[in-house]
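**Student:** Have a look at this one.
The values are calculated or read from the model by the stated rules, or taken from the named source; none is laboratory data. Values in this document were obtained by computation on a predicted structure and should not be read as measured data. Here Cβ is always computed from backbone atoms with ideal geometry, including for glycine, and neighbour counts include all displayed protein chains. Side chains are part of the model used for accessible areas, which takes the heavy atoms of the whole protein and leaves out ligands, DNA and RNA. Shrake-Rupley method; radii C 1.70, N 1.55, O 1.52, S 1.80 Å.
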Amino acid sequence: MSDTIFHKIMRREIPADVVYEDENVIAFRDIAPQAPVHVLFVPKVDFATLNDVPEDDAVVIGRLATAAARYAKKEGFAENGYRIVMNCNADGGQTVFQIHLHLLAGAPLGRFGTPG
Ligand code: AMP
């Protein structure tokens, strides 16, 4: 297994506020939240970036999205809405090289995609 900070969290070597876990996915609160709700969904298989996920493993990404939607429903903000984001490499702002999906919610979110 690779050794990013998220792998250390999965191995319980460093603490995190884990809100969901199953055999495929772990989810925990982002340490620097960008919205009232900011949870990271991380697969338990190693892919550094979205570029590294082959078509045959598309289910890995699907599980992250459906886990996020289930969490939104369970927490009661699915109807109000939320945003999911995956950053890829430098221009996408990726800083941890184990794929993960950001779930942002809890307030109307600003627009996105502005350079800089
Ligand atoms: P990205 O920039 O898409 O790679 O996202 C990485 C995210 O991980 C950032 O939003 C960080 O705030 C978050 N992060 C970094 N270290 C930790 C940690 N120890 N626990 C929770 N979130 C973290």
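**Student:** Compare M86, M10 by solvent-accessible area with a 1.4 Å probe and give them largest first, with all protein chains kept in place. Before the final figure, lay out the partial values.
**Tutor:** Numbers: M86 55, M10 25 Å².
Result, largest first: M86, M10.
**Student:** So how do T49, T95 rank on accessible area, 1.4 Å probe, biggest first, that is with the largest at the start? Kindly include the intermediate steps, with their values, before the conclusion.
**Tutor:** Details: T49 10, T95 115 Å².
Ranking T49, T95 by accessible area, largest first, yields T95, T49.
**Student:** Please identify every one of the chymotrypsin sites (Phe, Trp or Tyr not before Pro) in segment 50-114 that sits in a loop by DSSP and has no more than 14 other beta carbons within 10 Å of its own beta carbon.
**Tutor:** Numbers: sites: Y71, F77, Y82, F97, F112; in loops: F77, F97, F112.
Filter output for segment 50-114: F112.
**Student:** Now, a different point. How about K8: which lysines have a C-alpha closer than 23 Å to its C-alpha, ignoring those fewer than 8 places off in the same chain?
**Tutor:** K44
**Student:** Could I ask something else about it? Within segment 1-69, which trypsin sites (Lys or Arg not before Pro) sit in a loop by DSSP and count at most 14 neighbouring Cβ atoms inside 10 Å? Can you show the working numbers first?
**Tutor:** Working: sites: K8, R11, R12, R29, K44, R63; in loops: R11, R12, K44.
Those satisfying the criteria are R11, R12.
**Student:** Accessible area of the chain with a 1.4 Å probe: how many percent of it is carbon plus sulfur?
**Tutor:** Working: 3650 of 6960 Å².
Carbon-and-sulfur percentage of accessible area, whole number: 52.
**Student:** Another one. Just the accessible area per residue of the chain, please: how many Å² with a 1.4 Å probe? Intermediate results must be reported in sequence, preceding the final value.
**Tutor:** Details: 6960 Å² over 116 residues.
Ligands and nucleic acids excluded, the result is 60 Å² per residue.
**Student:** Of the candidates A32, A67, A105, which one comes out as most mobile in a Gaussian network treatment of the chain with C-alpha springs shorter than 10 Å?
**Tutor:** Answer for the Gaussian network model of the chain: A32.
**Student:** In whole Å, what are the extents of segment 1-100 along the principal axes defined by its C-alpha atoms, from largest to smallest?
**Tutor:** The Cα atoms of segment 1-100 stretch 34, 31, 30 Å along the principal axes, largest first.
**Student:** Where nothing but the Cβ of Lys and Arg (+1) and of Asp and Glu (-1) is charged, how large is the charge dipole of the chain around its Cα centre, in debye to the nearest 20?
**Tutor:** Working: 11 positive and 15 negative charges, 90 e Å.
The dipole magnitude comes to about 440 debye.
**Student:** So for segment 11-57, taking the charge dipole from beta-carbon charges (+1 Lys/Arg, -1 Asp/Glu), which of V39, P15, V25 sits furthest toward the positive end?
**Tutor:** Toward the positive end, the furthest listed residue is P15.
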